[in-house]
Amino acid sequence: MTNDNKPAQPTDLMFGDDELERRLAQTWRTPAGVWGALTTVDHKIIGRRYIVTAFVFLALGGLLALAMRLQLAQPEARFIGPDRYNQIFTMHGSNMMFLFAVPVMEAMAVYLVPLMVGTRNIAFPRLNAFSYWIYLAGGLLLWISFALDTAPDVGWFAYVPLSGPQYGAGKRADLWAQMITFTEVAALAVAVEIVVTVFKQRAPGMSLDRIPLFVWSMLVTAFLVIMAMPAIMLASSTLILDRLVGTHFYNPAEGGDALLWQHLFWFFGHPEVYIIFLPAVGMVSTIIATFSRRPVFGYLPLVMALIATGILAFGLWVHHMFVVGLPKLGESFFTASSMAIAIPAGIQIFCWLATLWGGQPVLKTPMLFVLGFIVTFVIGGLTGVMVASVPFDTQVHDTYFVVAHFHYVLVGGAVFPLLGAIYYWFPKISGRMMSETLGRWAFALIFAGFNLTFFPMHILGLEGMPRRIYTYQPEMPWAGMNMFVSFSALILSLGFLVFFVDVIRSTRSGQIAGENPWGASTLEWATSSPPPCFNFRRIPVVGARDPLWSQPDELTVAGGLRTDRRELIVSSVVEAQPEASESSPRNSIWPLLAALATTVMLIWSIFSPWAVIWGSIPIGITLTGWFWPKQTPEDES
């Protein structure tokens, strides 16, 4: 038989819209039921799981914060003992940084980036499924240990020698170190997926200068994750080796160096601030443009500012170590670099204000959170410049001034934009609108509660109140301010309660949203709300930076993709010219099995180093099953 006698391969050019949707749904669907839930590789389903799980961890971390504020509301309180308090503030910090802040930003990208670049699934979708399961296992490990009163108690930074074998008895520090491994493996996997999706799966015509700013922000963030996360994985792995195998990486008596831990930790720790902040820059740029009814002012400066922030983020880590006795020349360099990062931040603020100035701002709930972000982030940025100065930092080091500063940066700089982004993209994710009334109440309570809670901490720090203390004496001048802060924390918590109630209520009975309820310009609004399993009936062709504003009636589309197997377009890096069609893997149980095998090995290794040897066997088996050809149409590609 010659090629001429082969039956024609079904492509999207052969069918009308209704028949094409039916065939694509058959090829890309996730089966109903438990099996479908365990095997799906749909980026939208996994992204929703990531977001919901991260917000559950946010709520749990918030309850821990309330417990700490109850304890500190008055001097010599006995609500929580010192050991439990150490566990709680360690859990709060670790939970918020490793289980909420970084994962939720990547989760938003997992859901949105494929839609915004006009493709049908994220790159490496099975790796995406694996990353969620391994992230969930790490979170459960941490919280189950807390329930069993064996949670880590060494702070979210786990400084040695406190966390080393000499002072960190038991398995608490080991649990912290392995939790790091779980969450960082997940973060690295998602980062690789985002980079490949953005570079190689963009819709035809979406050249580099037409990429949405949120996608740019996630691309820079992904590179930060890839370059920063290995440092903390190296640190946690060598800490485990010191504790379990008897190496001496951090033991000065045997040639190790305790400062090595701080260098490794903060080489990761400070870029992590920008791993959390840069996605927020993309969210803010997107929301401001939509609600100002005009393209964002200064697209190129904003992209350059994102890249500059990503580069400068790796030159700041030593400002966390000004009091450890570094050479003066080094301190001067890191002071200058810490202040220099205010330049790209200032450019971003200017571009957003210019967009608002030249537009017709509409004050919907997402915009309120963006305006709240600008106020709080500017305050956090100003105190950041203050602590970048060695003399000032020396005075306020390890006081509540630093607690206030980093909450202004992290909550003000990331959580406010994130909440605005949830209100903005909720209609796309769920197909329903959130309540405008409840949204305004949530914003008012969160904005007021946040500032009333954390601004007084600056004063507590200047009055000398140290952080990480579980109580203080009545004669210290901190009692009144602490009581005020604790009451204010209740207002902040009430705001988040209103937000969660709004999410649950809107999911069940919110007003039905159309495809594009905000009149936005980016591609995710070019498909139905919520999107179908195949994202786009036909792949859009992009001819402008704001495609839905430049072609408001109907987008130009590309054709030729197979309908009997999962296929997507691979495009060139710079111009996004179509290069090939590539298959996308089907649903599979193997990512879940691989995650289970990895989980068993990592937890087992806390108790025996031989687990790394024997535990590798089931991991190898599951990976073999993962990549073994299944005789599916996708394997023929």
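The values are calculated or read from the model by the stated rules, or taken from the named source; none is laboratory data. Being a predicted model, the structure only gives us computed values, none of them experimental. Quick reminder, even Gly has a Cβ in these numbers, built from the backbone with ideal geometry, and neighbours come from all protein chains shown. Protein only, heavy atoms only, side chains kept; ligands, DNA and RNA dropped before computing areas. Shrake-Rupley method; radii C 1.70, N 1.55, O 1.52, S 1.80 Å.
Listing for the model above:
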item: Selected residue (criterion: least open to solvent (accessible area, probe 1.4 Å)) from residues of the stretch 300-312 that are under 19 Å from residue 266 (Cβ atoms), in contact with a helix residue (DSSP H, G or I) (Cβ under 8 Å, 6 or more places away or on another chain) and not hydroxyl-bearing (Ser, Thr, Tyr); result: 310
item: Verdict on residue 205 being modelled with pLDDT of 90 or more and on the phi > 0 side of the Ramachandran plot; result: yes
item: Test set (1) open to solvent by 10 Å² or more (accessible area, probe 1.4 Å); (2) of a type in the set (A, V, I, L, M, F, W, C); (3) in a helix (DSSP H, G or I) - residue 276 fails condition number; result: (1)
item: All positions within the stretch 320-336 that are open to solvent by 30 Å² or more (accessible area, probe 1.4 Å), of a type outside the set (A, V, I, L, M) and either under 16 Å from residue 388 (Cβ atoms) or in a helix (DSSP H, G or I) (or both); result: 320, 328, 332, 333
item: Hits in the stretch 596-637 (condition: of a type in the set (Ser, Thr, Tyr), crowded, with 16+ Cβ neighbours inside 10 Å and in contact (Cβ under 8 Å) with a residue 60 or more places away in the chain); result: 598, 599, 605
item: Selected residue (only one of 292, 236, 217 is open to solvent by less than 40 Å² (accessible area, probe 1.4 Å), over 25 Å from residue 412 (Cα atoms) and of a type in the set (Ser, Thr, Tyr)); result: 236
item: Options 34, 52; residue that is under 23 Å from the mean Cα position of the chain (by Cα), β-branched (Val, Ile, Thr) and either under 26 Å from residue 507 (Cα atoms) or open to solvent by less than 60 Å² (accessible area, probe 1.4 Å) (or both); result: 52
item: Residue within the stretch 164-172 that is of a type in the set (D, E, K, R), more than 23 Å from the chain's Cα centre (by Cα) and open to solvent by 10 Å² or more (accessible area, probe 1.4 Å) present; result: yes
item: Odd one out for residue 108 among (1) surrounded by fewer than 22 Cβ atoms within 10 Å (Cβ to Cβ); (2) within 20 Å of residue 185 (Cβ to Cβ); result: (1)
item: Qualifying residue in the stretch 189-199 (condition: open to solvent by less than 10 Å² (accessible area, probe 1.4 Å), over 29 Å from residue 257 (Cα atoms), aliphatic (A, V, I, L, M) and in a loop (DSSP other than H, G, I, E, B)); result: no
item: Single match in 231, 222, 203 (criterion: buried (at least 24 other Cβ atoms within 10 Å of the Cβ), in a helix (DSSP H, G or I) and not basic (Lys, Arg)); result: 222
item: Scan of the stretch 534-545 for residues that are open to solvent by less than 30 Å² (accessible area, probe 1.4 Å) and either part of a strand (DSSP E or B) or closer than 19 Å to residue 18 by Cβ (or both), ordered by number; result: 534, 535, 536, 539, 540
item: From 555, 548, 593, residue being open to solvent by 30 Å² or more (accessible area, probe 1.4 Å) and assigned to a helix (DSSP H, G or I); result: 593
item: Among the candidates 566, 537, residue that is closer than 21 Å to residue 196 by Cα and of a type in the set (Lys, Arg); result: 566
item: Selected residue (only one of 122, 80, 134, 144 is among the hydrophobic types (A, V, I, L, M, F, W, C), open to solvent by 10 Å² or more (accessible area, probe 1.4 Å) and in contact (Cβ under 8 Å) with a residue 12 or more places away in the chain); result: 80
item: So residue 59, is it farther than 26 Å from residue 567 by Cβ and part of a helix (DSSP H, G or I); result: yes
item: Single residue of 358, 315 found to be open to solvent by 30 Å² or more (accessible area, probe 1.4 Å), touching a Ser or Thr at 6+ places or on another chain (Cβ under 8 Å) and not charged (D, E, K, R); result: 358
item: Of residues in the stretch 376-388 being open to solvent by less than 20 Å² (accessible area, probe 1.4 Å) and within 24 Å of residue 495 (Cα to Cα), the one modelled with the highest pLDDT; result: 376
item: Test: residue in the stretch 500-510 that is assigned to a loop (DSSP other than H, G, I, E, B), farther than 30 Å from residue 360 by Cβ, open to solvent by 30 Å² or more (accessible area, probe 1.4 Å) and not hydrophobic (A, V, I, L, M, F, W, C); result: no
item: Scope the stretch 389-403; condition surrounded by fewer than 24 Cβ atoms within 10 Å (Cβ to Cβ) and assigned to a helix (DSSP H, G or I); matching residues; result: 390, 391, 392, 393, 394, 395, 396, 402, 403
item: Residue check for residue 470: over 24 Å from residue 371 (Cβ atoms) and under 31 Å from the mean Cα position of the chain (by Cα); result: yes
item: Residue among 483, 476, 457 that alone is open to solvent by 30 Å² or more (accessible area, probe 1.4 Å), in a helix (DSSP H, G or I) and out of contact with any Ser or Thr (no Cβ under 6 Å at 6 or more places or on another chain); result: 483
item: Contacts under 6 angstrom Cβ, first residue in the stretch 525-543 being over 21 Å from residue 46 (Cα atoms) and touching a residue at least 60 places away in the same chain (Cβ under 8 Å), partner surrounded by fewer than 18 Cβ atoms within 10 Å (Cβ to Cβ) and polar (S, T, N, Q), 6 or more apart; result: 541/556
item: Options 408, 400; residue that is hydroxyl-bearing (Ser, Thr, Tyr) and over 20 Å from residue 284 (Cα atoms); result: 400
